[in-house]
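Engineer: Below: one structure in structure tokens.
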Amino acid sequence: MITRSGATMIVAAAVLLVAGILLDYPELVVLGLGAATVVAAAAGWMLARPEVTIEREIRPDRVAEGGMARGVLVVTNTARRRSPPMVVGESVGGQPVGITVASLPPGGCQQAEYQLPTAQRGVFEVGPLTLGHADPLRLMHLRRGFPSRSVLRVYPKLLPVVPLPTGGSPDLDGPTTAAAAPGGVAFHGLRDYVRGDDLRLIHWRSTARAGKFMVRHNVVPREPRMLVVLDTSAAPYLDAPNGGRANDGRRGDGDGHSAGDGRGQGQVHGRFEDAVRIAASLAAAAVTHGFPVEVHTTGGQRAVAQRGEGAPMAVLDLLAGVEAGADDPGLTALTGMVPRDGGVVLGIVTGQPAAVAAATVSAVRPRFAMVTLVQVGATPGRPGPAVRGALVLNVRTSEDFVAAWNTRVAR
């Protein structure tokens, strides 16, 4: 491809040659021939097309917001001749990045590093690559594409918080059920003696009253399991009172701005990011303290992290790419997340939902051992909704959440 400078040189060569011939001016002819020679030399230079291989690596390919991530390119000259200087064009989340590669001898390679943007949470595609080279005078340049692509996951920032409160248990050994695995150390109740039972488990006082052998039924206590639900509907994160709708029937803020305009989208983004950070932090704190945890979104996404994991990778992968949607059912989806058995602790993270959506929390409360409702985007002086038997925390931002949460839950 001819550059603007190359086109100018070609036009100049033609004008000088024609003018020199028509005006019988040898000096102009010489200048025209010189310009044409330069253009021809540039074309000959471009015939030396670089033959290289390019390998890309993202280090690391998962990083928290604001962390350090780099792209590393290894360019190797596979030709038998020296390669010309090149510029490798990289696309990072749709933004162009240019990396200069020096001339390489046959078989030579160069490693080039560049910083990747991590200021914003998300799943970013890195690539494809384009390889470009030009003549020394930049009269012509060629570009070749490489389809190689990589993925950078930027996790939400994890906040230093304690895990969800479990509500305690009247049994010091932990909550038990008849369906729990037998043979543990937690006493669940008494049952009739069955041949083969350990005689040491016979409860003699009960045996004397019942007139038959009664044994202690010991089981493995059920550990609390945590369920973190992130509201991924757009309406609660807008600035409308109680997450309501604007007068024209569209989701909007208190000034009548719809979710489709720039202002509404900005409000959704900032408050939703706070909610994602809180949900990720609660899940990470659960794993750190030895609790199994599930993370659900009201849009239907789900990830599980078991106790003992160094980091809840599946959960963080999910939350790296989660987005708020106008068609999401919101908190009304909680009715489909009710567990079949007990011992599940529920934590809900949302914005400022409408009253009818918040009422769903009260409806499912009896099915969980403990329920916590965290709301972001609070107006100073406006309390959160009252949910009987649940802990409700209404905060403005994720930064405000840390101090309020640790003070209220850890006490």
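Engineer: Within the range 366-383, can one find any residue that is assigned to a helix (DSSP H, G or I) and open to solvent by 40 Å² or more (accessible area, probe 1.4 Å)?
Structural biologist: Yes: the range 366-383 contains one or more residues that are assigned to a helix (DSSP H, G or I) and open to solvent by 40 Å² or more (accessible area, probe 1.4 Å).
Engineer: For V349, are the conditions met, namely being out of contact with any strand residue (DSSP E or B) (no Cβ under 6 Å at 6 or more places or on another chain), under 27 Å from V154 (Cα atoms) and touching a residue at least 12 places away in the same chain (Cβ under 8 Å)?
Structural biologist: no
Engineer: Being open to solvent by less than 60 Å² (accessible area, probe 1.4 Å) and either modelled with pLDDT of 95 or more or out of contact with any strand residue (DSSP E or B) (no Cβ under 6 Å at 6 or more places or on another chain) (or both) is the filter here; which residues of the range 42-57 pass it?
Structural biologist: A43, G44, A48
Engineer: Could you check how many residues of the range 384-397 are open to solvent by 50 Å² or more (accessible area, probe 1.4 Å) and either of a type in the set (S, T, Y) or under 23 Å from the mean Cα position of the chain (by Cα) (or both)?
Structural biologist: Residues that pass the stated criteria total 1.
Engineer: Exactly one condition in (1) touching a Ser or Thr at 6+ places or on another chain (Cβ under 8 Å); (2) open to solvent by 10 Å² or more (accessible area, probe 1.4 Å); (3) over 28 Å from M9 (Cβ atoms) is false for R70; which is it?
Structural biologist: (1)
Engineer: Among the residues of the range 192-210, is any modelled with pLDDT of 55 or more and buried (at least 19 other Cβ atoms within 10 Å of the Cβ)?
Structural biologist: No - not one qualifying residue is present in the range 192-210.
Engineer: So, one more: So if I check each of D274, D255, D239, D317, which one is closer than 25 Å to A355 by Cβ, modelled with pLDDT of 80 or more and among the acidic types (D, E)?
Structural biologist: After ruling out the rest, the residue left standing is D274.
Engineer: Can you tell me which condition A354 does not meet? The list is (1) surrounded by fewer than 24 Cβ atoms within 10 Å (Cβ to Cβ); (2) of a type outside the set (V, I, T); (3) in contact with a helix residue (DSSP H, G or I) (Cβ under 8 Å, 6 or more places away or on another chain); (4) within 16 Å of A283 (Cβ to Cβ), and all the others hold.
Structural biologist: (4)
Engineer: Out of the range 118-139, which residues are of a type in the set (G, A, S) and either open to solvent by 50 Å² or more (accessible area, probe 1.4 Å) or in a loop (DSSP other than H, G, I, E, B) (or both)?
Structural biologist: A119, G127
The values are calculated or read from the model by the stated rules, or taken from the named source; none is laboratory data. Values in this document were obtained by computation on a predicted structure and should not be read as measured data. Positions of Cβ are generated from backbone atoms using ideal geometry, with glycine treated the same way; all protein chains shown enter the neighbour counts. Note: accessible area is taken over every heavy atom of the protein model, side chains too, but ligands, DNA and RNA are not part of it. Shrake-Rupley method; radii C 1.70, N 1.55, O 1.52, S 1.80 Å.
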